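Reading through the structure tokens given below for one structure.
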Amino acid sequence: MREKWKLWLLGSIGFILAILWLTPFYLMIVNAFKMKRDIFADTLGLPSAWTFENFVQAFEQLDFLRTLFNSLLISGVSVVIIIIFSAMAAYALSRNKSKISSLLFFVFVAAMLIPFQSVMIPLVAQFGQFGMLNKAGLIFMYLGFGCSLSIFLYHGTLKGIPISLDEAAKIDGANRFQVFWHIIFPLLKPMSITVGILNVIWIWNDYLLPSLVIGGAGSETIPLKLFFFFGQYTKQWHLALAGLTLSIIPVIIAYFFAQRQIIKGIADGAVK
Amino acid sequence: MRNRDAAYWLFLTPVLAALILVVIVPLIYGFYYSFTNWNGLGTPDFIGLKNYIDLFTDKGFLDTFWFTIKFSVAAIVVINIIGLSLALIVTSKIKSSNILRTVFFMPNLIGGLILGFIWQFIFIKVFGAIGDLTGIEAFNGWLSTTDTGFWGLIILTSWQMAGYIMIIYIAYLQAVPEDLIEAAKIDGANTFQRFRHITFPLVAPAFTVSLFLTLSHSFKIYDQNLSLTNGAPYNSTEMVAMNIVKSAFTENDMAYAQAKAVIFFVIVAVVSLTQVYINKKREVEL
């Protein structure tokens with residue numbers, strides 16, 4: 001009986017906390033549906049009349065479809081490249097147990113300690129000199145910043161895949177690349193999902209790097225566009241909130257469909 | 001796969017090229033620039049330690065640093081307490097456990113910039129409305145003083161990060177063997193004693209991971225800082241990451257900003273390494 005009471009208490013605390021956690025989203029969404037004067041008159045209550053006008057305006061101002069496409073393109077390409085190249089590199093490093101491999105592995109892992117701000121200034125200057133401050137340059141930078149953790153994670157998994165598998169395939173006449181692509185890479189699939197999730201979250205949400213690399217009109221990602229949008233409409237909360245709500249919708253949809261994998265991916269990434 | 005094999009280097013080339021061009025070369029150049037008067041264009045002149053000497057007498061920068069340290073300490077404590085509590089709640093046998101996990105983790109999927117804007121609305125408009133409604137003065141002007149701005153940042157960061165830290169604690173809590181807990185129950189240990197003597201020591205490695213993550217996360221915060229307070233009032237809520245970006249790209253003081261960035265790198269590296277070392281040592285003793 002005591003046990004039951006305890007569970008009831010914990011459940012209630014959890015419920016209250018969950019409400020508290022969702023309140024900021026609730027306030028954002030509810031106010032995005034209000035007329036401008038309603039937000040000032042009654043911030044806490046429900047809208048006196050629900051309006052979609054704010055969303056229509058924000059959608060246009062944010063050039064939402066194009067901005068969304070930019071975000072999808074940059075995150076998608078970056079993550080695919082990170083997955084394939086990091087898995088290949090981790091495979092090479094784990095199957096070759098020489099001093100140079102352990103040195104390279106150490107360098108990759110050590111790079112995780114470097115805060116972005118300490119390389120940012122020369123990075124932008126140098127890529128600027130080579131005319132690489134564009135989407136391609138940005139994707140290449142994401143490979144550079146994303147490969148460390150990814151290689152580290154793949155390396156851990158690869159140690160558990162027996163080398164006899166490689167040898168068997170080799171005897172059957174497969175070359176190195178075929179062994180990797182047909183035997184090893186499919187076995188890494190669970191880790192590839194983890195690596196993909198971890199990278200897509202930070203790349204999708206990244207603001208600073210794109211703001212330094214792709215400033216130009218028309219190529220902005222969601223955070224970038226939202227930053228200018230927000231600055232422009234600081235005092236117009238009805239529009240600003242509709243813009244915020246719009247930009248969160250794709251993430252919430254993705255979370256709705258893949259929450260299991262996302263939370264598992266975070267757990268795997270964090271614990272290893 | 002031997003070193004001499006073309007395949008070995010072929011497999012490594014893409015990431016090596018990216019790491020070298022994106023991280024290593026800029027790091028070396030950055031170190032060099034910090035000893036010059038480089039302004040972003042033209043050829044830099046070597047000026048020795050001048051930037052570093054200026055840094056240590058730059059009150060603005062020192063204040064920023066102090067603010068960042070205070071923020072990180074408070075954030076680490078608050079996030080870990082909330083994160084562990086959330087983990088204990090959702091790993092108990094309550095029915096809503098899965099939904100709660102999903103809810104608590106949600107803010108982490110959304111970028112810091114957007115989260116900051118959402119909370120800007122809450123602190124300015126919603127808190128204002130609550131203040132008007134209840135007549136409690138404390139709700140008004142949350143982003144216009146240094147102290148409330150500080151706690152605003154803490155609230156935002158904790159709301160965002162506690163769910164992430166929760167996931168880490170859950171992973172370790174689930175590894176605690178059920179029969180150990182049962183055995184202690186039979187021996188008459190109460191909930192607190194079971195937590196103190198069984199759960200806590202077994203979960204200790206989670207502290208290593210989560211302290212490391214919260215420390216490096218809070219020390220490097222930029223987006224949230226930019227969108228919530230933008231350093232206001234009078235740069236008093238500006239953190240190091242933002243200070244470096246501002247002095248580089250707003251004030252165009254490239255070499256000076258780079259000297260700050262080098263100091264920032266050294267501190268992040270030393271603190272991270274020390275912290276991992278201490279925690280690893282402590283784990284073995286437990």
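The values are calculated or read from the model by the stated rules, or taken from the named source; none is laboratory data. Please read all numbers here as calculations on a predicted model, not as lab measurements. Cβ sites come from the backbone with ideal geometry, for glycine too, and all protein chains shown count toward neighbours. We work out accessible area using only protein heavy atoms, side chains counted, and drop any ligands, DNA or RNA first. Shrake-Rupley method; radii C 1.70, N 1.55, O 1.52, S 1.80 Å.
Figures for the structure shown
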item: Residue within the range B:122-140 that is touching a residue at least 24 places away in the same chain (Cβ under 8 Å) and either over 19 Å from B:ASN235 (Cβ atoms) or hydroxyl-bearing (Ser, Thr, Tyr) (or both) present; result: no
item: For B:LEU86: the one exception among (1) more than 12 Å from chain A (Cβ to nearest Cβ); (2) on the phi < 0 side of the Ramachandran plot; (3) open to solvent by less than 40 Å² (accessible area, probe 1.4 Å); result: (1)
item: Some residue of the range B:251-266 being free of Cβ contacts under 8 Å to residues at least 40 places away in the same chain, more than 8 Å from chain A (Cβ to nearest Cβ), out of contact with any Phe, Trp or Tyr (no Cβ under 6 Å at 6 or more places or on another chain) and in a helix (DSSP H, G or I); result: yes
item: Close pairs from the range B:187-203: first in contact (Cβ under 8 Å) with a residue 12 or more places away in the chain, partner part of a loop (DSSP other than H, G, I, E, B) and open to solvent by 80 Å² or more (accessible area, probe 1.4 Å), Cβ under 6 Å, at least 6 apart; result: B:PRO201/B:LEU286
item: Among residues of the range A:117-154, those that are of a type in the set (Val, Ile, Thr) and open to solvent by less than 10 Å² (accessible area, probe 1.4 Å), counted; result: 3
item: Pair list, Cβ under 8 Å, 6 or more apart: the range A:230-245 residue in the same structural domain as A:LEU62 (by TED's automatic domain parsing) and under 13 Å from A:GLN57 (Cα atoms), other residue hydroxyl-bearing (Ser, Thr, Tyr) and not in a helix (DSSP H, G or I); result: A:LEU239/A:TYR233; A:ALA240/A:TYR233; A:ALA240/A:THR234; A:GLY243/A:TYR233
item: Flag if B:VAL245 is in a helix (DSSP H, G or I), within 11 Å of chain A (Cβ to nearest Cβ) and in contact (Cβ under 8 Å) with a residue 24 or more places away in the chain; result: no
item: Positions within the range A:29-39 being at the interface with another protein chain (Cβ under 8 Å from one of its Cβ atoms) and hydrophobic (A, V, I, L, M, F, W, C), in sequence order; result: A:ILE39
item: In the range A:85-113, the residues that are more than 21 Å from B:VAL22 (Cα to Cα), facing chain B (nearest Cβ under 9 Å) and within 29 Å of the chain's Cα centre (by Cα); result: A:TYR91, A:ALA92
item: Residue that is under 17 Å from the mean Cα position of the chain (by Cα), within 11 Å of chain A (Cβ to nearest Cβ), in contact (Cβ under 8 Å) with a residue 60 or more places away in the chain and closer than 22 Å to B:TYR222 by Cβ, where the choices are B:LEU115, B:LEU109, B:LEU153; result: B:LEU115
item: Residue within the range A:41-57 that is modelled with pLDDT of 95 or more and either within 10 Å of chain B (Cβ to nearest Cβ) or within 30 Å of A:ILE193 (Cα to Cα) (or both) present; result: no
item: Residues of the range B:89-116 satisfying the condition of being crowded, with 17+ Cβ neighbours inside 10 Å and touching a Lys or Arg at 6+ places or on another chain (Cβ under 9 Å); result: B:VAL90
item: Among residues of the range A:93-125, those that are in contact with an Asp or Glu (Cβ under 9 Å, 6 or more places away or on another chain) and either assigned to a helix (DSSP H, G or I) or within 25 Å of B:PHE264 (Cα to Cα) (or both), counted; result: 1
item: Filtered residues of the range A:1-28 (kept if more than 10 Å from chain B (Cβ to nearest Cβ) and assigned to a helix (DSSP H, G or I)); result: A:ARG2, A:LYS4, A:TRP5, A:ILE16, A:TYR26
item: Some residue of the range A:66-79 being among the hydrophobic types (A, V, I, L, M, F, W, C) and within 13 Å of chain B (Cβ to nearest Cβ); result: no
item: Conditions (1) within 13 Å of chain A (Cβ to nearest Cβ); (2) in a loop (DSSP other than H, G, I, E, B): number failed by B:GLY188; result: (1)
item: Residue check, A:LEU246 at the interface with chain B (Cβ under 10 Å from one of its Cβ atoms) and either aromatic (Phe, Trp, Tyr) or under 30 Å from B:LEU228 (Cβ atoms) (or both); result: no
item: Residue satisfying condition, being of a type in the set (Ser, Thr, Tyr) and modelled with pLDDT of 95 or more, within set A:SER98, A:SER86; result: A:SER86
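So that you can scan it fast, the table gives a plain yes or no per residue for (1) open to solvent by less than 30 Å² (accessible area, probe 1.4 Å); (2) touching a residue at least 40 places away in the same chain (Cβ under 8 Å):
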position	(1), (2)
A:GLY14	yes, no
A:LEU17	no, no
A:LEU22	no, no
A:ILE39	yes, yes
A:ASN54	yes, yes
